[in-house]
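Since the structure comes first, as structure tokens, the remarks are kept for the end.
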Amino acid sequence: MLEQKPVNVHLAQINKVLPQFIGNLSQIPPMYSALKYQGKALYTYARAGVDIERPPRNITIYSLSLDEFNGDELSLQ
């Protein structure tokens with residue numbers, strides 16, 4: 001379930017935390033993905049309301065930069 005809440009964040013705070021997301025990380029794949037479980041894409045299970053336990057996968061983020069920030073929305077690349 002996606003939840004939205006108002007936030008009060010400043011550009012300096014964003015620039016300070018971005019480097020924490022660069023490098024080798026562990027990530028649990030989302031249910032709405034094309035990864036397969038028993039021959040079916042996970043999104044097939046998600047659409048049927050079935051939650052499948054997904055093991056974390058190692059990922060590498062090589063670069064991340066702030067593209068745009070307008071107070072309540074930001075864009076990263």
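The values are calculated or read from the model by the stated rules, or taken from the named source; none is laboratory data. This structure is a prediction, so every number in the text was calculated from the model and none was measured. Backbone-built Cβ (ideal geometry, glycine too); neighbour counts: all protein chains shown. Note: accessible area is taken over every heavy atom of the protein model, side chains too, but ligands, DNA and RNA are not part of it. Shrake-Rupley method; radii C 1.70, N 1.55, O 1.52, S 1.80 Å.
Suppose we filter region 22-50 for residues that are of a type in the set (Ser, Thr, Tyr) and either in contact (Cβ under 8 Å) with a residue 24 or more places away in the chain or farther than 20 Å from Leu2 by Cβ (or both); how many remain?
Counting residues in region 22-50 that are of a type in the set (Ser, Thr, Tyr) and either in contact (Cβ under 8 Å) with a residue 24 or more places away in the chain or farther than 20 Å from Leu2 by Cβ (or both) gives 3.
For region 29-52, check the following and say yes or no: at least one residue is basic (Lys, Arg), open to solvent by less than 90 Å² (accessible area, probe 1.4 Å) and either farther than 28 Å from Gln13 by Cβ or more than 17 Å from the chain's Cα centre (by Cα) (or both).
no
What tally of residues in region 4-38 results from selecting those that are over 19 Å from Tyr62 (Cβ atoms) and of a type in the set (S, T, N, Q)?
Count: 5.
Every residue in region 44-74 that is hydrophobic (A, V, I, L, M, F, W, C) and part of a loop (DSSP other than H, G, I, E, B), please.
Within region 44-74, Ala48, Val50, Ile52, Leu64 qualify.
Give me the pairs: first residue in region 51-77 and polar (S, T, N, Q), second residue open to solvent by less than 60 Å² (accessible area, probe 1.4 Å) and in a loop (DSSP other than H, G, I, E, B), beta-carbon distance under 8 Å, and six or more apart or on different chains, which are they?
Sorted first by the residue in region 51-77, then by its partner, the pairs are Gln77/Leu64; Gln77/Ser65.
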